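Visitor: Provided herewith is a single structure, encoded as structure tokens, for subsequent inquiry.
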């Protein structure tokens with residue numbers, strides 16, 4: 001099973017539609033759970049990160065293989081990501097991806113991660129990044145199953 005924990009809600013309909021489409025496509029290969037936690041507000045960034053961490057922690061199980069999405073993380077191409085997911089799922093029933101909010105992720109979440117993953121040195125809006133992650137997960141399953149899509 002793949003679980004994606006995201007800070008913040010999707011407001012734009014076009015992003016909701018894209019997310020729904022990729023959820024449906026991924027469902028052919030594995031169970032997918034998408035969890036949204038409310039983003040925190042205020043002036044103190046450290047308090048915001050701690051508040052969001054507490055919300056995220058509620059959904060992480062001890063046995064989960066945790067992958068955080070971080071700009072400082074390891075960069076993989078699509079084939080490497082599919083191979084990495086294949087290796088992880090052979091040993092772990094649950095793979096949990098975590099997408100932080102506007103200020104990123106609290107250090108304790110980063111330290112809990114089994115893998116820090118980066119898609120780019122660029123910064124993406126976390127709502128849009130959710131679509132990018134789902135697309136890459138879908139692409140990974142297509143690659144692993146030797147199906148056309150990845151070119």
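The values are calculated or read from the model by the stated rules, or taken from the named source; none is laboratory data. Worth saying up front: this structure is predicted, and the values here are computed from it rather than measured. Methodologically, a virtual Cβ is constructed for each residue, glycine included, from the backbone with ideal geometry; neighbour enumeration extends over all protein chains shown.
Visitor: Out of region 107-151, which residues are buried (at least 17 other Cβ atoms within 10 Å of the Cβ) and more than 17 Å from residue 80 (Cβ to Cβ)?
Guide: If the condition is that a residue be buried (at least 17 other Cβ atoms within 10 Å of the Cβ) and more than 17 Å from residue 80 (Cβ to Cβ), then 109, 110, 112, 113, 126, 127, 129, 130, 131, 134 are the ones that fit.
Visitor: Give, as residue ranges, the helices (runs of 4 or more DSSP H) completely inside region 47-151 that count at least 3 residues that are closer than 24 Å to residue 14 by Cα and modelled with pLDDT under 95.
Guide: It comes to 126-144.
Visitor: For residue 77, work out the one condition from (1) exposed (fewer than 13 other Cβ atoms within 10 Å of the Cβ); (2) touching a strand residue (DSSP E or B) at 6+ places or on another chain (Cβ under 9 Å) it doesn't fulfil.
Guide: Unmet condition: (2).
Visitor: Among the residues that make up region 39-58, is at least one of them closer than 30 Å to residue 149 by Cβ, in contact with a strand residue (DSSP E or B) (Cβ under 6 Å, 6 or more places away or on another chain) and in contact (Cβ under 8 Å) with a residue 24 or more places away in the chain?
Guide: no
Visitor: For region 13-39, how many residues are part of a loop (DSSP other than H, G, I, E, B), over 22 Å from residue 85 (Cβ atoms) and modelled with pLDDT of 95 or more?
Guide: Total meeting the criteria: 1.
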